[in-house]
Amino acid sequence: MAIIAAAQAASGGWTWAQTTALIVPFVALFGAFLTYALNQRAVRKERRARTFAEALTAVEEYLEMPYRIRRRPESSSAVRQQLTDEVSGLLARMTFHQAWLQIEASVVAGPYTTLVATARAEAGAQMSLAWQQPPIGSDGGMNLGAAYPRDRSNEARAACIEVMRREL
């Protein structure tokens, strides 16, 4: 205050240079804060999008398991163990993502839980049928001819993605 009073006394009043000298640091500070806030928002959005994508990937991999089981090369205990371990791992990942979404994006948790339940019902029945088929013994047998139906899972995924988009 003493400096401002001395400046006023010396010059006879407050000048634009003095006003500018006070305003510029505040503008720069506000600009820095705004840049930081926008960058943090972008980072949060990217992190959330990655979380959503990883959750959807786990479901997609689970929906692909009937094909993996149907295309197994042999019927040995090692192959059965490997495939059932993969299924168990996918179930654990989907459960993890359900819990994570309840913490990170609770609005998305419900549609994701519905997607997981739908995928488990559809793919679970298809896996049971795939295990009943003989192993594929030739290259020609790898083309199964018809896709396993996933209509309900596709609808649940579309609904889940719509909610995810709104939450980004």
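The values are calculated or read from the model by the stated rules, or taken from the named source; none is laboratory data. Not measured: the values here are computed from a predicted model. Quick reminder, even Gly has a Cβ in these numbers, built from the backbone with ideal geometry, and neighbours come from all protein chains shown. For the accessible areas, the whole protein counts, side chains as well, though only heavy atoms, and no ligand, DNA or RNA atoms are used. Shrake-Rupley method; radii C 1.70, N 1.55, O 1.52, S 1.80 Å.
Only residues that are in contact (Cβ under 8 Å) with a residue 40 or more places away in the chain and either more than 25 Å from Ala49 (Cα to Cα) or open to solvent by 70 Å² or more (accessible area, probe 1.4 Å) (or both) were counted across segment 113-136, and they come to 13.
Taken over segment 52-70, residues that are of a type in the set (Ser, Thr, Tyr) and either crowded, with 18+ Cβ neighbours inside 10 Å or free of Cβ contacts under 8 Å to residues at least 12 places away in the same chain (or both) amount to 2.
Just checking, how many residues over segment 123-157 are touching a Phe, Trp or Tyr at 6+ places or on another chain (Cβ under 9 Å) and modelled with pLDDT under 85? Looking only at that region, the number is 1. Of the residues that make up segment 29-42, is at least one in contact (Cβ under 8 Å) with a residue 24 or more places away in the chain and either within 18 Å of the chain's Cα centre (by Cα) or open to solvent by 40 Å² or more (accessible area, probe 1.4 Å) (or both)? The answer is no; no qualifying residue exists. When Ala55 is tested against (1) modelled with pLDDT of 95 or more; (2) touching a Ser or Thr at 6+ places or on another chain (Cβ under 6 Å), just one condition goes unmet, and that condition is (2).
Each residue in segment 91-108 was checked for being of a type outside the set (D, E, K, R), open to solvent by 10 Å² or more (accessible area, probe 1.4 Å) and in contact with a helix residue (DSSP H, G or I) (Cβ under 7 Å, 6 or more places away or on another chain), and 5 pass. Output the number of residues of segment 1-22 satisfying the condition of being open to solvent by 90 Å² or more (accessible area, probe 1.4 Å) and modelled with pLDDT of 75 or more. Residues flagged as open to solvent by 90 Å² or more (accessible area, probe 1.4 Å) and modelled with pLDDT of 75 or more within segment 1-22 amount to 2. Of the residues making up segment 123-149, those that are of a type in the set (S, T, N, Q) and assigned to a loop (DSSP other than H, G, I, E, B) number 3.
Criterion applied to Arg165, Arg152, Arg157, Arg120 was being in a helix (DSSP H, G or I) and farther than 15 Å from Tyr62 by Cα, and the one residue passing it is Arg165. The set of residues in segment 148-168 being open to solvent by less than 50 Å² (accessible area, probe 1.4 Å) and over 15 Å from Thr113 (Cβ atoms) consists of Tyr148, Arg150.
With the condition kept exactly as written, say whether any residue in segment 71-81 is open to solvent by 50 Å² or more (accessible area, probe 1.4 Å), farther than 15 Å from Glu167 by Cβ, more than 14 Å from the chain's Cα centre (by Cα) and of a type in the set (Ser, Thr, Tyr). Before the answer, list the steps.
Kept after step one, since they are open to solvent by 50 Å² or more (accessible area, probe 1.4 Å), are these residues of segment 71-81: 71, 73-75, 77-78, 80-81.
After this cut, where a residue has to be farther than 15 Å from Glu167 by Cβ as well, the list is 71, 73-75, 77-78, 80-81.
Those left that are additionally more than 14 Å from the chain's Cα centre (by Cα): 71, 73-75, 77-78, 80-81.
Subsequent filtering for residues that are of a type in the set (Ser, Thr, Tyr) retains 75, 77.
Within segment 71-81, one or more residues are open to solvent by 50 Å² or more (accessible area, probe 1.4 Å), farther than 15 Å from Glu167 by Cβ, more than 14 Å from the chain's Cα centre (by Cα) and of a type in the set (Ser, Thr, Tyr).
Filtered by the rule that a residue be in contact with an Asp or Glu (Cβ under 6 Å, 6 or more places away or on another chain) and assigned to a helix (DSSP H, G or I), segment 79-110 gives Leu90, Val107, Val108.
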